[in-house]
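Right, one structure below, let's go through it.
Quick note: the coordinates plus some simple rules give every number you see, no bench work behind them. Not measured: the values here are computed from a predicted model. Because the Cβ atoms are built from the backbone with ideal geometry, glycine has one as well, and the counts that use them run over all protein chains shown.
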Amino acid sequence: MDNEIKKLIEKEIARQKNGLVLIPSENYASLEVLQAMGTPLSNKYSEGYPGKRYYGGNEFIDEIENLAIERARKLFNAEHANVQPHSGSQANAAVYLALLKPGDKILGFDLASGGHLTHGSPINFSGQFYNFVYYGVNRETELIDFDEVEKIALEFKPKLIIVSTTSYSRFLDFQKFSAIAKKVNAYLMADIAHIAGLVIAGEHPSPFPFCDVVTSTTHKTLRGPRGGLILCKKELAQKIDKAVFPGIQGGPMENVIAAKAVCFFEAASPEFKKYQHQIILNAKAMAEEFLKQGIRAVSNGTDNHLMVLDISSFGHDSREIQNKLSELGIYVNCNAIPFDKKPPFNPSGIRVGSPAITTRGFKEEECKIVAGLVAGMIKNFDDEKILEEAGNKVKELTGRFPIYKDFS
Ligand code: DSN
């Protein structure tokens, strides 16, 4: 093997094993999921869909993709599933291509309030090809303000409304969004990349039957391979499939699709339900501890797997805090807070979440300890003794709750 890459892969695996991952969009996929990705399925070209491929030799690939589709449909109670998008961004791009024309109007969720780059950021294709306006959260409550959503929708008359979260810590009320979308005759799309696992387990309200189309990734709370997914109503199936291929993608990655099928199999188990329930208990325990330590989470808490901490009053940049935590083996990401006065590269918040540490087996007690370590670092940024103690605690916790024991 290429020793240079081998050594670097080993280092990265060790980093993942020895660190506390609090980035809410990251997780540890099972060995079965990882193994499916590392198979010769990667060698096969299968442009098209099961039963309608451009190349020969796809009889087993068809069975694999059909299994993935059926499992996804059943899990999410969806009429149609497309498992080919390489990522969440590509899933979103395919939806826009399927339902809209360049220049059409979209009402999206403001990035600082919890949206995503592909929901209309001017530096993303979405903001350049489509005409976006945004709703945000209420300045006082930091919750989505439905009166504002409705007011903007009535004035702007979008063709598509997006409900989503990458950093919004409260339940998304798909039913209320659906009522607004109906009033203005807009399609309603949910991007559930972050909360897909919670939705499957019944820990978050389902976007169906309220949304016309739902996009997701498969690697966050869903704990599968890195990839995307689109679910939709039957009447949109053909448009969505055509938009994914040949619209924006060529050959699908069937090794990843096999891994998605494995992930869907795992997600149908009772253990997965318990895991999702524990994710929420753990996130709530962390939010409580942060509050106790005088660090405010946006909207004062969480209903889901994540929270954004407002660190604007602690005298250190969020990027500095992110970097110093990394040195201790605690991984977070700096994140905008609603109405942030600071720039996106160095915003006023720190986003933390519980999915990866819950996979390790952490319960509320350990999560409170972890929140205490993060809070201690934020409040005592230059205190070497506190930092050393935190580093030792990370070692103790990762040793007590090992992950990927089969990787050396
Ligand atoms: N979905 C983003 C995140 O939440 O980390 C990355 O694009």
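How many angstrom separate the Cα center of segment 130-147 from the Cα center of segment 333-357? First find each Cα centre; the distance between them is then 18 Å. Once both labels are positioned 7 Å from their Cα atoms along Cα-to-Cβ, the gap between LYS239 and LEU31 label points is 4.6 nm.
The value of relative contact order for the chain, using C-alpha pairs under 8 Å at least six residues apart, is 23 percent.
Using R0 = 56 Å, the C-beta based FRET efficiency linking LYS101 and LYS385 works out to 0.35. Build a GNM of the chain with springs between Cα atoms under 10 Å apart, and of PHE264, PHE60, PHE381 the one that fluctuates most is PHE60. Within the same chain, lysines fewer than 8 places from LYS11 are excluded, and of the rest, those with a Cα less than 24 Å from its Cα are LYS220, LYS324, LYS393, LYS395, LYS405.
Relative to the current alpha-carbon distance between GLU320 and LYS176, full extension at 0.36 nm per residue lengthens the span by 47.9 nm.
Each DSSP beta bridge with both residues in the chain is either parallel or antiparallel, and the antiparallel ones are about 55%. The length gained on full extension between SER42 and HIS277, counted as 0.36 nm times the residue separation minus their Cα-Cα distance, comes to 81.2 nm.
Among SER164, SER216, sorting on how many other beta-carbon atoms sit within 10 Å of each Cβ, with the fewest leading, yields SER164, SER216.
Taken along the Cα-to-beta-carbon direction at a fixed 7 Å, the label points for PHE401 and LYS7 span 3.3 nm.
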